[in-house]
1. For the chain, with only Lys/Arg (+1) and Asp/Glu (-1) charged at the beta-carbon, what is the dipole magnitude about the Cα centre, in debye rounded to 20?
2. Please give me the summed charge of the neighbours of Arg143: other residues whose Cβ is under 15 Å from its Cβ, Lys and Arg +1, Asp and Glu -1.
3. Would you work out the charge dipole size for the range 189-239 about its Cα centre, treating the Cβ of every Lys and Arg as +1 and the Cβ of every Asp and Glu as -1, and quote it to the nearest 20 debye?
4. When only alpha-carbon atoms count, how far does the chain stretch along each of its three principal axes, as whole angstroms with the largest first?
5. What net charge do the residues around Thr246 carry, taking every other residue with its C-beta under 12 Å from that of Thr246, with Lys and Arg at +1 and Asp and Glu at -1?
6. Roughly how many Å² of Met173 are accessible to a 1.4 Å probe, to the nearest 10?
7. Val154 to Thr90: extension gain in nm, 0.36 nm per residue of separation minus the Cα-Cα distance?
8. Might you work out the accessible area of Leu250 for me, using a 1.4 Å probe with all protein chains in place, and round it to the nearest 10 Å²?
Amino acid sequence: MADQHPKYLWWRGEQVRWEDATVHVTDLAWSTVGAVFEGIRGYWNEDQETLFIFRLPEHLARLADSMKVVRLPLAYSLDELQSAIIDLITANESREDTYIRPLAYSSRSSGKRLSAAAAEADLLINTNVMPTHLLTGYTQKARISSWTRISDTVMPPRIKNISNYRNGQLATMEAVQDGYDVAFLLNPQGKVAEASGACVAMIRRGKLITPDVTSGILESITRDALLTIAREDLGIEVEERPVDRTEMYLADEVFTCGTAAEITPVVEVDRYQIGDGETGPVTKALEQKFQAILHGTDPRSEAWCTLVPLRAAVHA
Ligand SMILES: *Cc1c(COP(=O)(O)O)cnc(C)c1O
């Protein structure tokens, strides 16, 4: 049901009933312009009755990085936030694939102008259901956007800064109106940066090639994991470097990756068919390995997943 929500969220240092987590409407004006967030996923393993949260410490470290860049003070330790998330998942009995979204914003900004730096920040963590689409056969068609990806001279592309997302949203709206599923943005140098909200990679001549972290991309935790898997588990050579749009046209495989995108195969770019127009073999191998890791059935799961056991309540 669309109006379903979990029982609790975590706000200003404690669990709060969903209905009770309200702010005054005048706080909306400036509080969100400098907000930053994280997107984290937990995957449900029914056999073990356990939620596997993917790379939770890395996501919380990036939240701290995001807050630092926009000068929001962080009043909690990362261990405290980790415990808050585990307790929230437990209280909400999240026995299904779950998205976890911490959001930090400057608080009590009502009536004030946008000032130099926020003296105070509030932190909200909420959860919602988000089923996986890995290995479902879902694919996308991409266009190169007429919008340019924000550059490091304008906004901080490497962090999850809320105001960055207008850039990707404009690109997505354009792509969808033009009959595509997803937009790829070039950076001001004309090189491929990323998709709106996900990183981009391609397979060409047996190598996995992806824009490097100074190409105006977000420092993606999924991208980092997939590069490790490709190198160490699949034995594929990886190149992180500037990427031309025409290289993508000639690629054997293209996919996007990220917490929300997971691994999404891209079968067309600007109406050029990629490979044979279906999910390619390397993409499929990555998807299979990634799926096993996320669900706790791979040797890498232990290092990369935080486990939250959630036994079903026994009804007498
Ligand atoms: C979150 C995000 C990604 C993917 O990063 P992950 O850490 O893998 O989730 C890529 N691009 C943008 C713009 C993002 O916001």
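1. That gives a dipole near 920 debye.
2. -2
3. It comes to approximately 260 debye.
4. Projected onto its principal axes, the Cα set of the chain covers 56, 53, 34 Å.
5. Summing Lys/Arg as +1 and Asp/Glu as -1 gives 0.
6. 90
7. 19.0 nm
8. Accessible surface of Leu250 is approximately 110 Å².
The values are calculated or read from the model by the stated rules, or taken from the named source; none is laboratory data. None of the values given here were measured: they were computed from a predicted structure. Cβ: placed from backbone, ideal geometry, glycine included. Neighbour counts: every protein chain shown. With ligands, DNA and RNA removed, areas are computed over all heavy atoms of the protein, side chains included. Shrake-Rupley method; radii C 1.70, N 1.55, O 1.52, S 1.80 Å.
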